[in-house]
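Presented below is the structure to which this report refers.
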Amino acid sequence: MTDLQGTPRTEEIDQTKIWHKTACVLCSANCGLEVRLDGREITRVRGNKAHVASAGYTCEKGLRVNHYQNNTSRLMTPLKRIEDGSYIEVDWDTAIQEISDGLKEVAEKYGSDKIFYYGGGGQGNHLGGAHSTATRQAYGIIRKSNALAQEKTGEAWVEGQMFGTHTHGGFHDAEVAIFLGKNPWHSHGFDQARRVLKEISNDDNRSLVVIDPRRTETADLADYWLQVKPGTDAFLLAALGAIITNEKMTDDDWLAENATGVEETKTVFRDVPIGDFAKRSGITVDQIRAVAERIVNAESVSTYEDLGIEMGPHSTLISYLHRAISILTGNYGKQGALGPHTSIAPLFNYSAAGREPTDPVTGGKIISGLVPCNEIAEGFLSDHPERSRAMFIESGNPVHSLAESDKFRAAMRKAEFTVVIDVVHTETTEQADWILPASSQYEKAEATFFGANFPENTFHLRPGILEPLPGTLTEPEIHSRLVQAAGVLDDVDFQTLREAADRGLDSFAEAFMAAAMENPAVSAYGAVVLYETLGKSLPKGKEGAAVLWFSCQMAAQKYPDQIRAAGHKGEGPALGNALFEAIVDNDDGIVFTQHNFEEAFDFLTTPDQKINLSIPEMHEALGKLSEAPDKYTSEEFPYVLSAGERRGFSANTIVRDPSWRKKDKEGSLRIHPDDASEIGVEDGGRIRITTQGGEAVAVVEINETVQPGYVSLPNGYGLSYSPAGGDSEIVGVPPNQLTSTVWRDSIAGTPWHKHVPANLEAVVN
């Protein structure tokens, strides 16, 4: 008998001394970990030094993954809501059949396009999302969204038009690294973030630039910290671009060869009132010019935007401005600069950028196929005849994570049929008609799809290290059952494909391709077909990874030379098989492509395969920026609240047990000493926060890292949790009790979670 790692179980081996390879699931970096187990408890955690990307690195969050894996909120049986609002336990067969029937009923009554899907891959939980495509196809589900539509759709819209693909900075090698509204010390975003930040800070030949209203841990390391007034990043960047343009700092020879729309873009920048914009941002012209000179004198510059600006005013414009500055100074396609990257499975479709459809109910722009999150509840709660009527949610907690939580609760209650797949009870499961319990990220094969390195890129498939909790199923298994219940795979010959898989990948590849040509259902529902056939031949705990076989075949067609350069051998399907085998067999992760920097321009999918600087909507927005306010506060709401700051002990909504926090137990409101004095509140006291969206009471932390007029609350707090044997309790403030669906970006519809006008008053005991 063996465990899930293949380690022989004998009386001579102490199972508590074995190190099992896995990864952290608490942010997109998914750093490699090694853990020890005592039964189902994760007793020790350390960084995996052999991991292909993180190389032993981890932060304090990764060391506390047992608080995620083992908690009292786990779901262990399907649940069905009955007439009195309570839940009854139901067996899996009944649950699958009744859910299938319910989805079909909605489709027959209103049309399958009235079923709304939310999710498709939570933190460290992505293979389930890959299988959900088959379920959506089987039930005709078209409308969808996920957390990326709160953050990255504006960025995707800009990148689609500028490059036709996603780009990422080369921070490990950049001479100048610029972070906008991002604190990599806590939010990472690239491998070994803290090591890299320290290396840049300690190198006299490199510079760290941080643009942030708060003095973050990253700002403390910076050579240039530009403490902008909240919500004025666009004014600062516009002034920076104007100085570079007006003072002839642009790389014109490089631009002539590699970019279009250059003169139109320069013309718009030339009209920027530099002095006025600098004043409005709170940064002097001399400070901005110093950064401009540092940029143009550097061999390489990389920029990174994150939620601090993506969830605030002018977010899509900012996504454009910093990329335009990078291109105007020739910072693309070289070591340490902006560049593309390969993907096993791309997260966005960039090819349609600029030609997006609009939601028939709200009119919002559907970027990369995603309905803006701020419009989902609005659509359900309207009386529009085209409104959605049912919700299917997995790997997400939108009631807690989207703006105006109460509005989304109301939308779920109005929906005629709701299904939620999750590992634990959440604020969202509490509103569902059906709840399906999923196995955790440590009970099944999982992978990260956020690797964004160039010219070398990596991929890590991690095995399950625990048996699935009794009563739970993996998302691939759940989706397989739902798809088969829909009756769309009845004529697929699973047995022949299974027999082919048992003979080896070469035989399977031939059989699968033949079956796909003969039967369209094999391709249409490929993830489930692969799971039910190839998946049965994979090592225990890795069955759900079968879907990666098809991705490997596609990658082998697109990047054959680069895959071979990374050490994988073969031609055609054999190369895809070799890549797949390497992924499945290596629990430390692999390098799957090796490019060179000259190939960066091959990734461009713009009409002339050059970088396109001319985006009319962005030029218009830049031209009208002078007319925009530089603050959105008022007499009624005089403070700016940043709702959802990343801190050392916050992790979205994935860790519900508050005992994992060694400090900041309640998620304090950080406030400047001057504001605290004026309001009359002391450190550790209570303060009432009131916004257009709602109100809450928080504990106070007087902190000079925030500027006067600006306060912040962390993400990942305010979750309901039931200690063993105790009643449910809520620790900290749910941030989206205070946000509003009204405040949103004019192009992408992304919310202003980081810029919420608020009023504060001391709570007197």
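The values are calculated or read from the model by the stated rules, or taken from the named source; none is laboratory data. Since this is a predicted model, take the numbers as computed values, not measurements. No Cβ is skipped: glycine too gets one built from the backbone with ideal geometry, and neighbour counts run over all protein chains shown.
Quick notes on this one:
- Count - residues of the stretch 551-583 that are of a type in the set (Val, Ile, Thr) and under 20 Å from residue 528 (Cα atoms): 1
- Checking each residue in the stretch 380-398 for being without any contact (Cβ under 8 Å) to a residue 60 or more places away in the chain and in contact with a strand residue (DSSP E or B) (Cβ under 9 Å, 6 or more places away or on another chain) picks out no residue at all.
- Hits in the stretch 237-277 (condition: without any contact (Cβ under 8 Å) to a residue 40 or more places away in the chain and either in contact with a strand residue (DSSP E or B) (Cβ under 7 Å, 6 or more places away or on another chain) or among the acidic types (Asp, Glu) (or both)): 252, 253, 257, 263
- Residue that is nearest to residue 579 (Cα to Cα), among those in the stretch 318-375 that are part of a strand (DSSP E or B) and of a type in the set (Ser, Thr, Tyr): 332
- Residue match in the stretch 134-145 (condition: touching a strand residue (DSSP E or B) at 6+ places or on another chain (Cβ under 6 Å), under 15 Å from residue 422 (Cβ atoms), in the same structural domain as residue 103 (by TED's automatic domain parsing) and at pLDDT 95 or above): no
- Residue 509 vs. criteria surrounded by fewer than 23 Cβ atoms within 10 Å (Cβ to Cβ) and either within 17 Å of residue 547 (Cα to Cα) or of a type in the set (A, V, I, L, M) (or both): yes
- Count of residues meeting criterion [part of a loop (DSSP other than H, G, I, E, B), of a type outside the set (Lys, Arg) and either modelled with pLDDT of 95 or more or closer than 19 Å to residue 451 by Cα (or both)] in the stretch 584-611: 7
- Residue that is surrounded by the most Cβ atoms within 10 Å (Cβ to Cβ) [pool: residues in the stretch 667-686 that are within 7 Å of residue 700 (Cα to Cα) and in contact with a Ser or Thr (Cβ under 8 Å, 6 or more places away or on another chain)]: 669
- Matching residues in the stretch 633-653 - criterion: being on the phi > 0 side of the Ramachandran plot and of a type in the set (Gly, Ala, Ser): 644
- Residue in the stretch 528-542 that is basic (Lys, Arg), under 30 Å from residue 191 (Cβ atoms), touching a helix residue (DSSP H, G or I) at 6+ places or on another chain (Cβ under 7 Å) and not in a strand (DSSP E or B) present: yes
- Every test in (1) in contact (Cβ under 8 Å) with a residue 12 or more places away in the chain; (2) under 30 Å from residue 94 (Cα atoms) is passed by residue 490 save one, and that test is (1).
- For the stretch 310-317, the count of residues that are of a type in the set (D, E, K, R) and assigned to a helix (DSSP H, G or I) is nonzero.
- Here 231, 261 are screened, and the one residue that is of a type outside the set (Asp, Glu), buried (at least 17 other Cβ atoms within 10 Å of the Cβ), on the phi > 0 side of the Ramachandran plot and touching a Ser or Thr at 6+ places or on another chain (Cβ under 7 Å) is 261.
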